[in-house]
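Comments concern the structure below.
Each value in this text was obtained by applying a stated rule to the coordinates, not by laboratory testing. Just so it is clear, the model here is predicted, and its values are computed rather than measured. All Cβ positions, glycine included, derive from the backbone under ideal geometry; neighbour counts span all protein chains shown.
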Amino acid sequence: MIETIQPRHERLWRAWQDGSWDFAAYELGNLKGAFNRLGHAHPTQGNISLPDMITSVTEQPFNELGTAIQSKDGAAFAKAYTDLTDACNSCHQALNHGVVEIRVPNRTSTSDLGGTSAPRN
């Protein structure tokens, strides 16, 4: 997951920070795809259906992120992104992987986000 989910999670946040709504939409699609591939690669975790768990914790934040991106609503994006981050952490806790904690990135971390930057709205 670290190789597929985490970079997409961070790039999505950076796209919003940079006001790059088109790139945010692109990365949201990539993040959804990464979660989908993860569920197919690991259909169960213990007795739990991983695809079902992923859907149950990400569906609402993904929908809210999509709406925020379409409307270019920074406040709604920030809330939905935090909700997604919290959902990821709740899943890790439920699967006894609480040592893996997802955080909202900060501006001092490195990223390979490319493209032009515009002020955040």
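Below is a table of values for the structure above.
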item	result
FRET efficiency estimate (nearest 0.05) - Cβ-Cβ, residue 103 to residue 4, R0 22 angstrom	0.80
Helical mean residue ellipticity (222 nm; -39500 (n - 2.57) per DSSP H run of 4+; nearest 500) of the chain	-22000 deg cm²/dmol
Most positive-pole-ward Cα, 76, 23, 53, against dipole of the range 11-114 from beta carbon charges	23
Residues whose placed amide H lies under 5 Å from that of residue 20, excluding near-sequence neighbours	118
Candidates 52, 86, 18, ranked by Gaussian network fluctuation over the chain, Cα under 10 Å, top entry	52
Calculated from backbone phi, Karplus (6.51, -1.76, 1.60) coupling profile of the range 36-50 in Hz, x at Gly/Pro	4, 5, 4, x, 6, 6, 10, x, 9, 10, x, 9, 9, 6, 5
For the chain, built as a Gaussian network whose Cα springs stay under 10 Å, the top-fluctuating residue of 89, 30, 63	63
Cα-centre dipole for the chain with unit charges at Cβ (Lys and Arg positive, Asp and Glu negative), debye to 20	180
Neighbour cut-off at most 15 other Cβ (10 Å), DSSP loop, GluC sites (Glu not before Pro), the range 1-68	3
Among 17, 70, 45: highest mean-square fluctuation, GNM of the chain, C-alpha pairs under 10 Å	45
Relative contact order %, the range 5-94, counting alpha carbon pairs below 8 Å whose residues are six or more apart	25
Using alpha-carbon coordinates, inclination of helix 74-94 to the longest axis of the chain, degrees	20
At 1.567 mPa s and 4 °C, Stokes D of the range 5-94 from Kirkwood alpha-carbon radius, µm² per second	98
